[in-house]
1. Filter the stretch A:158-188 for residues that are surrounded by 18 or more Cβ atoms within 10 Å (Cβ to Cβ) and of a type in the set (G, A, S) and give the result.
2. Just for helices (runs of 4 or more DSSP H) wholly inside the stretch A:145-228: which have at least 3 residues that are touching a Phe, Trp or Tyr at 6+ places or on another chain (Cβ under 9 Å)?
3. Does A:G228 count as within 14 Å of chain B (Cβ to nearest Cβ), within 15 Å of the chain's Cα centre (by Cα), touching a residue at least 24 places away in the same chain (Cβ under 8 Å) and surrounded by 18 or more Cβ atoms within 10 Å (Cβ to Cβ)?
4. Test each condition in (1) over 16 Å from the mean Cα position of the chain (by Cα); (2) more than 10 Å from chain A (Cβ to nearest Cβ) for B:K273 and report the one that comes out false.
5. Going by the structure shown, is A:R288 among the basic types (K, R), within 12 Å of chain B (Cβ to nearest Cβ) and surrounded by fewer than 20 Cβ atoms within 10 Å (Cβ to Cβ)?
6. Condition check: buried (at least 24 other Cβ atoms within 10 Å of the Cβ) and in a helix (DSSP H, G or I). Does B:V62 satisfy that?
7. Of the residues in the stretch A:60-90, how many are under 28 Å from A:L111 (Cα atoms) and free of Cβ contacts under 8 Å to residues at least 24 places away in the same chain?
8. Given the residues A:G304, A:G269, which is the only one that is part of a helix (DSSP H, G or I), within 14 Å of chain B (Cβ to nearest Cβ), touching a residue at least 24 places away in the same chain (Cβ under 8 Å) and surrounded by 20 or more Cβ atoms within 10 Å (Cβ to Cβ)?
Amino acid sequence: MSGSKKWVLGLIVLAFIVPLLRPVFPEVVSDYRLFLVSTMIIASIAVLGLNLLTGFNGQFSLGHGAFYAVGAYTAAILMDKLNVPYWATIPAAAIVCFIVGYLFGLPALKLEGHYLALATFALALAVPQILKYKWLEGLTGGVQGIVLMKPEVPFGLPLSEDQWLYYFCLIVMIVLFWAAANLLNSRSGRAMMAIRDQYMAADTMGIDTALYKTVTFGISAAYTGIAGALSASAIAFVAPDSFGIFLSIKFLIGLVVGGIGSLLGSVLGGIFYVLVDNSAQSLTQFIRNDLGLPFDLSAYTVFGVLLIAIIYLMPMGIAGGLYMAYRKLRGARA
Amino acid sequence: MEQFLQQVASGLANGAIYACVALALVMIYVSTDHINFAQGEMAMFSTYISWQLMNWGMSFWVAFVLTVLISFAMGVLIERLILRPLHNAPVLSIIVVFIGLLAIFNSMAGAFWSYLIKEFPSPFPKSSFGIAGVIGPHQLGVVVVTLIVLGLLFVFFRYTPLGLAMRAAAQNPQMARLVGVRVDWMLALGWGLAASVGAVAGIMVAHIVYLEPNMMGGILLYAFASALVGGISNPAGAVAGGFIVGILENMVAYAGNQIEKATGVYIIGNGEKLTVALIIVIFVLTVKPAGLFGRVVVKRV
């Protein structure tokens, strides 16, 4: 077993044990914290979806919020109208989002760089309106959205709702990251990356570029859709206006900050944007009360400044930066 | 019939706004090959500046002129400070920087001026302006002002040495540099002009959509559609595209209303405006990427 595999396994074991320490450290392992970590897990799945497309296949998307919305609404409608259990909505959302992503990938084949970014940006802007469309109102609940129930703890396990939600998200995340790692490490994964690095050469070598690009679009959408479905269960509520352009910008933040083309980076990116989102309010209070400035700091100011700063300072994101630092340290010692 | 004319007229007024923003997008695209996703938010920020100036007691037109000048400086600064160092960066980096700017402008406007919707005054006299029953005073004013701005820009690019230098820098940077044009500064000036035109659009539209940090989202989408319909590499095409899309937008909603009246079936209305723009964007991009008046780019491989 290689070093990095040991690390990952150790972290997974740790992630399973820590919530059980709740009776010992009720202050540290609170329900609220567990819920926060669950949202981080969901975020990192969504960022991983975007990363599969942009980081590993070289297709840009500024509209992944759309697939997140499709996943969330698929799950919510299934739970609300058909009483499908929450766990069964995950594969359903994956299938629906794969199809939607694949279909969107078809016109995307004709678009490169800026134009694909433009088309997906337009998609992100239009999503809330599409969700409010009158004919869908019976299903989507229109502007009001859909109110759901939180997942119940199964088999009479002695866990709180938030503890169970955490485990559920964690298991889904592990399965998805394991699948992604295997995919990328296979013939198909190498084809995806070849298309990103040398499109023409990949095409000439006989890789079916159109097929790979559209299927990657579908897989990427399915990942982000699963994250959306998880979020619908976790928050127990969906509404159109929470799926606007700024959701897609958050995924982009996670992608760029974590590291484009890095699995570990997707986790870091997801953790990061949830953290900033959650600490913006306390930052604002700090600025208002301690610095005395009449200024509401929004998370997006931080996001925007960071996006630009990272492009200048750490184009490979946190994961890339850590790796470079590690390499330097090793180099200095040797 | 009168209702139909009304729809066309208000389509023209919207179209004038789209034409301005689309022109701003095209000006940056032609000279740098970048699509400025932050164009709408920059215009929104400029509009807030003019609101602030008026709040400090300036008259509308003084604030208007000052805002256009401030926006010009803002555009030049953004190009010089933020985009210049990324001259050779990959496409994704540039897109990310634009999205960063978008987030910064949006949240700063919310931070300085709050997210509450503000009313924005119209400078055009209510009486004896406009054509009764067809076009309102503000809408007519918007069309007139934007046409003046577009005319000035045309004269500038067509008949002044500086305009010629800017066109040269955009078309063939190497040759322009050889004959002594400072290409770097021409790009910065282009950004300044784009920001100014965007500011005009923002100030003109704010009376219609009200002033708030997210006011330009839909307009930017329509401006994208306009620029694409007209051909994103053609400034005159972008202006034409703006008017075409503006009228089309209202016609679609009008047709939807008529269908609903006639058959009672709701298909499309004002609630689907952004969806219509999305369909236009994707349709043009996939079917005719050069737009109506654009040049077909043949890539050599």
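1. Once the filter is applied, which keeps residues that are surrounded by 18 or more Cβ atoms within 10 Å (Cβ to Cβ) and of a type in the set (G, A, S), the stretch A:158-188 yields only A:A180.
2. Values: elements: A:161-184, A:187-197, A:199-204.
Answer list for the stretch A:145-228: A:161-184, A:187-197.
3. On the way: within 14 Å of chain B (Cβ to nearest Cβ): no; within 15 Å of the chain's Cα centre (by Cα): yes; touching a residue at least 24 places away in the same chain (Cβ under 8 Å): yes; surrounded by 18 or more Cβ atoms within 10 Å (Cβ to Cβ): yes.
It is false that A:G228 is within 14 Å of chain B (Cβ to nearest Cβ), within 15 Å of the chain's Cα centre (by Cα), touching a residue at least 24 places away in the same chain (Cβ under 8 Å) and surrounded by 18 or more Cβ atoms within 10 Å (Cβ to Cβ).
4. (2)
5. Working: among the basic types (K, R): yes; within 12 Å of chain B (Cβ to nearest Cβ): yes; surrounded by fewer than 20 Cβ atoms within 10 Å (Cβ to Cβ): yes.
When the stated conditions are applied, A:R288 passes them.
6. Values: buried (at least 24 other Cβ atoms within 10 Å of the Cβ): no; in a helix (DSSP H, G or I): yes.
In short, no.
7. Counting residues in the stretch A:60-90 that are under 28 Å from A:L111 (Cα atoms) and free of Cβ contacts under 8 Å to residues at least 24 places away in the same chain gives 0.
8. After ruling out the rest, the residue left standing is A:G269.
The values are calculated or read from the model by the stated rules, or taken from the named source; none is laboratory data. This is a predicted model, so every value here is computed, not measured. Every residue, glycine among them, receives a Cβ derived from its backbone with ideal geometry; neighbour counts consider all protein chains shown.
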